[in-house]
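The values are calculated or read from the model by the stated rules, or taken from the named source; none is laboratory data. None of these values were measured; they are calculated from a predicted model. Please note: Cβ atoms are built from the backbone with ideal geometry, for glycine as well, and neighbour counts cover all protein chains shown. Ligands, DNA and RNA are excluded from the accessible area calculation, which covers all protein heavy atoms including side chains. Shrake-Rupley method; radii C 1.70, N 1.55, O 1.52, S 1.80 Å.
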Amino acid sequence: MSTILKVEDIHVAYGRIKIIPGLSFELREGEVLGVIGPNGAGKTTLMNALIGLVIPTQGKIIFDGVDITKMSPEKRCHLGLGRTYQIPRPFEGMTVFENVLVGASYGAGRTEAKARPYCIEAIKKVGLYEKKDILAGQLTLLDRKRLEIARALGTNPKILLLDEVAAGLTEAEVQDVQDLVADLKTTGITIMWIEHVIKTMVESTDKLMCLSTGSLLRYGDPLETMNCAEVQEVYLGVDEE
Ligand code: ATP
């Protein structure tokens, strides 16, 4: 498996507040990389840096051989970086299909006609095909999460970045999301998944990394990452969501 994403010593700050003081890691094609860490560890900030919502003050992000460190979010999306948001905010008055179409056309820079097949494929992959004509505002939370994933998949990404898609779901629903991610993995897509549910992270990822105050505490085999003393320590007293 070749490296699809290389993060080289990135430093990320909001104004004067330094959040990530130098972080390096690699993501291999077809892998699921889990990202854990206590609240405020910088997981979403890392996601924002990858997607282009915040530009690192130092370091490089290389995606598929291209230096994207300073590239706009739109261009990154066109190149194949797709993300979900922690709190799904679909266009409630639009159907499932229309919601996916927005990302697949405007987001990914395609005409609607060219985007349509990607939308159908994405909606099928997440199991919402039967509900494609339902208004997003009528969906259950689990289906909203499915829609959120479909909106990202509709852009036909090479890497899918998932930000706490399991948050707020019941145990059985979390298992549904886990099964969905396992299905997606079989299609060859590369996934980086931020999540607080440790059991899910250990069961669903090929590699697991733990951040603490913006730094890499541990990166490697999921169980070994979870069982290492430093990771156990930062998680003491931290509730799983
Ligand atoms: P959680 O698990 O709670 O989602 P996280 O690991 O994703 O946390 P971030 O959301 O990346 O952490 O936040 C890292 C730090 O950056 C926190 O101290 C947070 O308060 C701060 N932060 C986040 N966004 C901003 C912002 N726009 N401006 C200033 N500080 C911010």
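Observations, loosely collected:
- With each label modelled as a point 7 angstrom along the Cα→C-beta vector, the Gln58-Ser2 pair spans 3.1 nm.
- Across region 224-233, computed HN-Hα scalar couplings (Karplus, 6.51 cos²θ - 1.76 cosθ + 1.60, θ = phi - 60°) run 5, 4, 5, 8, 6, 4, 5, 5, 4, 5 Hz from first to last residue, x flagging Gly and Pro.
- In the chain, the calculated helix contribution to ellipticity at 222 nm averages -10500 deg cm²/dmol per residue, counting -39,500 (n - 2.57) for every DSSP H run with n ≥ 4.
- Proximal charge balance of Glu26 [Cβ under 13 Å; K/R count +1, D/E count -1]: -2
- Fraction of accessible area attributable to carbon and sulfur, the chain (%, probe 1.4 Å): 51
- Geometric descriptor of region 88-156, per residue, is 68 Å³ (volume of the convex hull of the Cα atoms).
- Modelled label reach - Asp67, point 7 Å along Cα→Cβ, region 26-41 residues with backbone N closer than 20 Å: 26-27
- Cβ-defined net charge surrounding Thr69, 10 Å radius [Lys, Arg +1; Asp, Glu -1]: 0
- Here the peptides 60-71, 28-39 are ranked by packing, the mean other Cβ count within 10 Å, and the order with the highest first is 28-39, 60-71.
- Using the Cβ-Cβ distance between Glu29 and Glu224 with R0 set to 25 Å, the FRET efficiency from 1/(1 + (r/R0)^6) comes to roughly 0.65.
- In this Cβ point-charge picture (+1 for Lys and Arg, -1 for Asp and Glu), region 124-234 has a dipole of about 540 debye about its Cα centre.
- 5 angstrom amide H check on Arg83, placed H, neighbours 5+ away: Leu161
- The residues of the chain have, on average, 46 Å² of accessible surface per residue, using a 1.4 Å probe with all protein chains present.
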